[in-house]
1. Could you let me know the centre-to-centre spacing of the range 1-45 and the range 47-77, using Cα atoms, in angstrom?
2. To the nearest 0.05, what FRET efficiency results for Ala10 and Thr36 with a Förster distance of 22 Å applied to their C-beta separation?
3. Between Met25 and Tyr76, what FRET efficiency comes out of the Förster formula 1/(1 + (r/R0)^6) with R0 = 22 Å and r the beta carbon distance, rounded to 0.05?
4. For the range 3-80, what mean projected area does the convex hull of the alpha carbons give, in nm²?
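Taken together, the values in this text are just the output of simple stated rules run on the coordinates, not laboratory data. Just so it is clear, the structure is predicted and the values come from calculations on it, not from any experiment. With ideal geometry, Cβ positions are generated from the backbone for all residues, glycine too; neighbour counts draw on all protein chains shown.
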Amino acid sequence: MPAWFSHIEAPVFAAPLAQLFNQSMVEGAVPSQWRTTVITPIPKVLKPTQAADYRPISTPALSWSLEKYIVQTFIYPALQLPYPELCFDEQ
C-alpha cells in the first residue's frame, strides 16, 4: 500500500491498522508482506549508463510506521531512563 494512499484513507484504515500493529507487537513478529517492497531506480545523472548511476528508492510504509512507533515509544525512553539495575558505566 503506497504511503500517499494511507494518508488519504487514514480515517478509514486507522482502527484496523492499529489492531494489526498491536497484534504484531504482541506476537513479536512482522508480517512478511510488510517487509517486502518495490524498489524503484531513480537516475542520479541526466543520462544513466551504468547501475551506479541510479539511486534505489523504496517505501515500505507499514513496517516503517510500526518501527517508528516502537522506537519512539519504547526504545528512546528506555535509553533515556534505564532501569537502575542496569549498569552502563563501562560502556
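1. 12
2. Details: r = 22 Å, r/R0 = 1.01.
Given R0 = 22 Å and the Cβ-Cβ separation, E is 0.50.
3. Values: r = 16 Å, r/R0 = 0.73.
Given R0 = 22 Å and the Cβ-Cβ separation, E is 0.85.
4. Values: hull surface 31.4 nm².
It is 7.8 nm².
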